[in-house]
Amino acid sequence: MTSLHQFLRITIIFITAKITLLPPPVCIKACPSNVSIDPYTFKTPPILNHSMAEPSTTAPPLQDRVAIVTGASRGIGRAIALHLASLGAKLLINYASNSAEADLVAAQINTGSTVRAITFRADISYPEQVKSLFDAAESAFSSTVHILVNSAGVLDSKYPTLADTTVEDFDLTFSVNARGAFLCCREAANRIKRGGGGRIICLTTSLVASLKPRYMAYTASKAAVEAMVKILAKELKGTGITANAVAPGPVATEMFYAGKTEEAVNKAVEECPLGRLGETKDVAPVVGFLASDSGEWVNGQIIRVNGGYV
Ligand SMILES: NC(=O)c1ccc[n+]([C@@H]2O[C@H](COP(=O)([O-])OP(=O)(O)OC[C@H]3O[C@@H](n4cnc5c(N)ncnc54)[C@H](OP(=O)(O)O)[C@@H]3O)[C@@H](O)[C@H]2O)c1
């Protein structure tokens, strides 16, 4: 064999070995034309063009769910209604007398072409008015109601001791806070959607834990609601509906400031480990979580939201 033959033989062997060492053919068809694949590492260069990313298909957590929020013209109820709307829910904004304030809340939600919020006047201490609240929500949104948040409430701003509480003031407090909560919960228990996503959330108070003097009727009326909610959660077994209470500490609303001296306000700030009053935005997200699918496992509970004062 000549040296030329020897050279050609070695070259052919080397080329054959190199070809067999190559990785299998890469499927170029499945790859975008402007993305190259390194045949040795199978790695693509980092994708810098964001327009190529999969479009986000995540729907808002409460999309297409209908929520009734009582006492939503002002204060905590108003913040809850706006928050649930931001999570995609359709809202019935309930109020007792303040139609202008309620309209403003609805207008803040109804910024697009479709109506996502309606207002409805109803005193929650009357059964037929609570019934019409649910009728209105069902007919406005052509849907079963998914979520009830009962935030309507009253507090006697004279802050009487038990010895000084009149029967009329006691009855008024109980008629809205306890009887109203009962009527709303009863209607919800019968009419809220079964099989997932059904939520009942009542606003109570951390006073049920701190038991301050001069809040007797108010605290007792909310303690009744806390017992109600825990029993309701058990009675709704099999429906997929959860029932909970959210119990704030002092929150800077008209209800909190009514009849209080500057000294009383400062005392509430001092008692809080975080050194401030609660704000409505401290409470609304907790309600939003309970209302969402992520909150399903919280059931029959009292969630105290108070910056740690009790
Ligand atoms: N603020 C606090 O420090 C605090 C602390 C713990 C718990 N909470 C509880 O949180 C809830 C909201 O309190 P808030 O401070 O937001 O009170 P708020 O500012 O006084 O607002 C009360 C809301 O309830 C409505 N309302 C009153 N009576 C009603 C009735 N019979 N039927 C239907 N709606 C009625 C009012 O409607 P109109 O505007 O039409 O009058 C208003 O929308 C209450 O249940 C309260 O007990 C408050």
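The values are calculated or read from the model by the stated rules, or taken from the named source; none is laboratory data. In this text, all values refer to a predicted model and were calculated from it rather than measured experimentally. Neighbour counts are summed over all protein chains in view; Cβ atoms, including those assigned to glycine, are modelled from backbone coordinates with ideal geometry.
Structure notes:
- Residue satisfying condition, being small (G, A, S) and in contact with a helix residue (DSSP H, G or I) (Cβ under 8 Å, 6 or more places away or on another chain), within set A233, A264, A217, A258: A217
- Members of the stretch 115-154 found to be within 15 Å of A181 (Cβ to Cβ), in a strand (DSSP E or B) and β-branched (V, I, T), listed by number: V149
- Residue satisfying condition, being of a type outside the set (A, V, I, L, M, F, W, C) and either outside the structural domain of A209 (by TED's automatic domain parsing) or in contact with a Phe, Trp or Tyr (Cβ under 9 Å, 6 or more places away or on another chain) (or both), within set E271, E279: E271
- Candidate set from the stretch 186-197 (those that are under 18 Å from A245 (Cβ atoms) and surrounded by fewer than 24 Cβ atoms within 10 Å (Cβ to Cβ)); member that is farthest from the ligand (Cβ to nearest atom): A189
- Condition check for N94 on (1) part of a strand (DSSP E or B); (2) more than 12 Å from the ligand (Cβ to nearest atom); (3) of a type outside the set (A, V, I, L, M): one failure, at (2).
- Flag for I109 being under 16 Å from the mean Cα position of the chain (by Cα), near the ligand (Cβ under 10 Å from one of its atoms) and either hydrophobic (A, V, I, L, M, F, W, C) or buried (at least 16 other Cβ atoms within 10 Å of the Cβ) (or both): no
- The stretch 201-253, subset crowded, with 21+ Cβ neighbours inside 10 Å, of a type in the set (G, A, S) and within 18 Å of the chain's Cα centre (by Cα), residue nearest to the ligand (Cβ to nearest atom): A247
- Residue satisfying condition, being in a loop (DSSP other than H, G, I, E, B) and in the same structural domain as F289 (by TED's automatic domain parsing), within set G112, G77: G112
- Checklist (1) crowded, with 16+ Cβ neighbours inside 10 Å; (2) of a type outside the set (S, T, Y); (3) closer than 30 Å to L207 by Cβ; (4) free of Cβ contacts under 8 Å to residues at least 60 places away in the same chain applied to L104, failing item: (1)
- Taken over the stretch 254-263, the criterion of being within 21 Å of T204 (Cβ to Cβ) and either more than 8 Å from the ligand (Cβ to nearest atom) or assigned to a strand (DSSP E or B) (or both) is satisfied by Y257, G259, K260.
Residue-wise test of (1) without any contact (Cβ under 8 Å) to a residue 12 or more places away in the chain; (2) touching a Leu at 6+ places or on another chain (Cβ under 9 Å); (3) part of a loop (DSSP other than H, G, I, E, B).
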{"position": "N177", "(1), (2), (3)": "no, yes, no"}
{"position": "C185", "(1), (2), (3)": "no, yes, no"}
{"position": "A189", "(1), (2), (3)": "no, yes, no"}
{"position": "G195", "(1), (2), (3)": "no, no, yes"}
{"position": "S221", "(1), (2), (3)": "no, no, no"}
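- Among (1) under 25 Å from L290 (Cα atoms); (2) within 13 Å of the ligand (Cβ to nearest atom); (3) part of a loop (DSSP other than H, G, I, E, B), the one test that S157 misses: (1)
- Of the listed requirements (1) aliphatic (A, V, I, L, M); (2) within 13 Å of the ligand (Cβ to nearest atom); (3) in contact with a strand residue (DSSP E or B) (Cβ under 7 Å, 6 or more places away or on another chain), V130 misses just one: (3).
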